[in-house]
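Here is the structure we will look at.
Please treat every number below as a calculation from the coordinates, not as lab data. No experiment lies behind these values; they were computed from the predicted model shown. Note that we place each Cβ from the backbone using ideal geometry, even for glycine, and neighbour counts take in every protein chain shown.
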């Protein structure tokens, strides 16, 4: 009887610890991927800050992962980035809202995404560098 109780207690402890470790690995993977997604978003925002107004407002432009990310197979195969551009109403077409979205799948198969939205105005930073209007 004592051996049976001991086996039951040990089985319960081992099962609980395995479940806890699986959940911890899932959370660790999610945190790592959110950090990677944030880096991808920040890189693309910095790229777009230096675009000319014509390129910035080109709705057909779709960003891709940079070479630094493509060299890493765990990033290149799991992450994708997309972009939407919307003209802000009542601003005489001189202001656009750009939303960048990164999507990926966690190791447990869940689909996750993170987005970053920013605004650009004609005559803003890109005009400072390129002198366009």
(request) Please give the FRET efficiency for residue 38 paired with residue 58, using the beta carbon to beta carbon distance and R0 = 35 Å, rounded to the nearest 0.05. (result) 0.90
(message) Cut-off 10 angstrom, C-alpha nodes, Gaussian network model of the chain. Which of 52, 121, 16 fluctuates the most?
(response) 16
(request) Return the calculated 222 nm mean residue ellipticity for the chain, to the nearest 500 deg cm²/dmol, obtained by summing -39500 (n - 2.57) across DSSP H runs with n ≥ 4 and dividing by the residue count. (result) -16000 deg cm²/dmol
(request) Using label points projected 7 Å from each Cα along Cα→Cβ, tell me how many nm separate residue 80 and residue 108, to one decimal. (result) 2.3 nm
(request) State whether the chain is rounded, prolate or oblate according to the following rule on the C-alpha gyration tensor (a ≥ b ≥ c being the square roots of its eigenvalues): a/c under 1.5 gives rounded; otherwise a/b larger than b/c gives prolate, and the remaining case gives oblate. (result) prolate
(message) Sort 2-13, 104-115 by packing, meaning the average of other beta carbons within 10 Å per residue, with the highest value first.
(response) 104-115, 2-13
(message) Quick check: the angle from helix 2-49's long axis to the longest principal axis of the chain, C-alpha only, nearest 10 degrees?
(response) 10 degrees
(message) Cβ neighbours within 10 Å, averaged per peptide: list 34-44, 78-88, 54-64 in order, most packed at the top.
(response) 34-44, 78-88, 54-64
(request) Quote to one decimal, in nm, the extra length available between residue 4 and residue 26 on full extension: 0.36 nm per residue of separation minus the C-alpha distance between them. (result) 4.6 nm
